[in-house]
2 protein chains.
Amino acid sequence: MSTKRREGNNRRQELIEAALDCIENEGLQGATVRKVADYAGVTNGLIRFYFSSKDELIRAAYAALLEKIYASARVNIEDSQLPAKERLRRFIEATLSFPIVSPRTVLLWANFLPLTYIDEQMAAIRSDGYVETTNILQPLIKATLEDHEQLITDQESARSAVKINAVIDGLWLEGSMAGYKFENGELAQMGLETASAILAIEL
Amino acid sequence: MSTKRREGNNRRQELIEAALDCIENEGLQGATVRKVADYAGVTNGLIRFYFSSKDELIRAAYAALLEKIYASARVNIEDSQLPAKERLRRFIEATLSFPIVSPRTVLLWANFLPLTYIDEQMAAIRSDGYVETTNILQPLIKATLEDHEQLITDQESARSAVKINAVIDGLWLEGSMAGYKFENGELAQMGLETASAILAIEL
DNA sequence: ATCATTATTATGCAAGTGTATAAATTTATG
DNA sequence: CATAAATTTATACACTTGCATAATAATGAT
């Protein structure tokens, strides 16, 4: 009946972080219960104290990864009263910068992705996040176009959103896997240039 | 000293195909030697007769996947004397159509990708193919620009290549994972539109 | 037909897997 | 301090894993 939770008891988060580190370095195959425990500096039994199964740990790690990505993407976007164009700019810049652009993020993403086709609960975690991003980008693009009095149909603006989303994803992949090719900010610059070309608006 | 190879002895290819099927359906974790053998309709011991280890089978399967992808991408491109613009168009259309655009391809790609960061030989297989594609797209773009007397620096055309490559990758991901959203040819159409916007040339 | 080679199965093994359970330790609270 | 609860470890177990090895079946050459 007591609130005995020791302050600074972040073991659960530590285990999730250890799982992500382990998956990043060893792959999902290599991420056994014992190795994850090693990464966290504990013994394997402890994982079952915080998670009902290894699968649940994996799911928690996936959810934590997506949350971190989306949090980074939303930086400087959400509560500001800035014009749509400026928020769109910032969104593109954020998604094409560290930490979203990094080998770690893309590696973790790739490791988890196949699980979302096998495990229903993993699929649910992914689709939750997917809805979240498209719900950011699409209205931003529509508002930007309206501000510039680009009169196009909803269908057209939806197509533009798909295109810009694709550019972001593709540059994210390339920048994450061959980051040495790009100087600081170059990737975001290319993203903005391409989005400008798609929308026929200087961002 | 005899060429005793029985005609129609495609067991090795069958095993590779079975491995890909198994990875697609069960994930890399689920692709055990025994399950792959099940997919091929043989017993597990046979795999070691054709491959020195499970890892070698995985590598062969990865190489086979990439070869198939690149072969599909090169369709109607290589030996033709068509103008650069037309070949660029066809390249974009091919990479944004079945079978490259499919859940199977993207799933297999995602499953293998992390291994290329862990296993050196897998990394070599990937970089071989990577060089191959960039060596197709980049000259095609440069030639197209020159045909249209777009006078830009090599650096500029290289940047355009990165952008178009990103659009292709992003649309490929989206189309493969949410294919129900797009009608036949719509994805390729969007790819061409975006590439046109990037190059300021009607493709 | 016979025999050597190739292809395939059957079986076993040591190591590693996730998980369960009990013991030990730490922490909070009276 | 004493004691109960929370946390962590230690250990064991059933099962799966990749791989080895011997036995069997199919095939080709003579």
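The values are calculated or read from the model by the stated rules, or taken from the named source; none is laboratory data. In this text the structure is predicted, and so the values were computed from the model without any measurement. So basically every Cβ, Gly included, is an ideal-geometry build from the backbone, and we count neighbours across all protein chains shown.
Could you pull out the residue among A:A110, A:A158 that is assigned to a helix (DSSP H, G or I), surrounded by 14 or more Cβ atoms within 10 Å (Cβ to Cβ), modelled with pLDDT under 95 and within 13 Å of chain B (Cβ to nearest Cβ)?
Working: A:A110 fails: modelled with pLDDT under 95.
Being assigned to a helix (DSSP H, G or I), surrounded by 14 or more Cβ atoms within 10 Å (Cβ to Cβ), modelled with pLDDT under 95 and within 13 Å of chain B (Cβ to nearest Cβ) holds for just one of A:A110, A:A158, which is A:A158.
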The correct count of residues that are within 14 Å of chain B (Cβ to nearest Cβ) and either within 11 Å of DNA strand D (Cβ to nearest atom) or out of contact with any Pro (no Cβ under 8 Å at 6 or more places or on another chain) (or both) in region A:25-60 is 11
Matching residues in region A:183-203 (in contact with a Leu (Cβ under 9 Å, 6 or more places away or on another chain) and within 30 Å of B:F112 (Cβ to Cβ)) number 5
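Per-residue answers, yes or no, for (1) within 22 Å of the chain's Cα centre (by Cα); (2) assigned to a helix (DSSP H, G or I); (3) away from every other protein chain (no Cβ under 11 Å); (4) at pLDDT 95 or above:
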position	(1), (2), (3), (4)
B:L137	yes, yes, yes, no
B:I152	no, no, yes, no
B:N165	yes, yes, no, yes
B:W172	yes, yes, no, yes
Which one of A:A110, A:A178, A:A166 is within 22 Å of A:A64 (Cβ to Cβ), touching a helix residue (DSSP H, G or I) at 6+ places or on another chain (Cβ under 9 Å), without any contact (Cβ under 8 Å) to a residue 60 or more places away in the chain and of a type outside the set (S, T, Y)?
-> A:A110
How many of the residues making up region B:39-87 are in contact with a helix residue (DSSP H, G or I) (Cβ under 8 Å, 6 or more places away or on another chain), of a type in the set (A, V, I, L, M, F, W, C) and part of a helix (DSSP H, G or I)?
-> 14
Tally the residues that are away from every other protein chain (no Cβ under 11 Å) and at pLDDT below 95, restricting the search to region A:113-135.
-> 6
Show the residue pairs that are 6+ apart or on different chains and have beta-carbon atoms under 8 Å apart, the first residue being within region A:47-65 and over 14 Å from A:V36 (Cβ atoms) and not assigned by TED's automatic domain parsing to the domain that holds A:P103, the second being of a type in the set (F, W, Y) and part of a loop (DSSP other than H, G, I, E, B).
-> none
Scanning region B:77-94 residue by residue, the ones that are under 18 Å from the mean Cα position of the chain (by Cα) and of a type in the set (A, V, I, L, M) total 4
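Identify all residues within region B:20-76 that are among the hydrophobic types (A, V, I, L, M, F, W, C) and either within 13 Å of DNA strand C (Cβ to nearest atom) or over 23 Å from the mean Cα position of the chain (by Cα) (or both); write none if there are none. Break it down stepwise before answering.
Keep residues of region B:20-76 that are among the hydrophobic types (A, V, I, L, M, F, W, C), which gives B:20, B:22-23, B:28, B:31, B:33, B:36-37, B:40, B:42, B:46-47, B:49, B:51, B:57-58, B:60-61, B:63-66, B:69, B:71, B:73, B:75.
Once the filter is applied, which keeps residues that are among the hydrophobic types (A, V, I, L, M, F, W, C) and either within 13 Å of DNA strand C (Cβ to nearest atom) or over 23 Å from the mean Cα position of the chain (by Cα) (or both), region B:20-76 yields B:V33, B:V36, B:A37, B:A40, B:V42, B:L46, B:I47, B:F49, B:F51.
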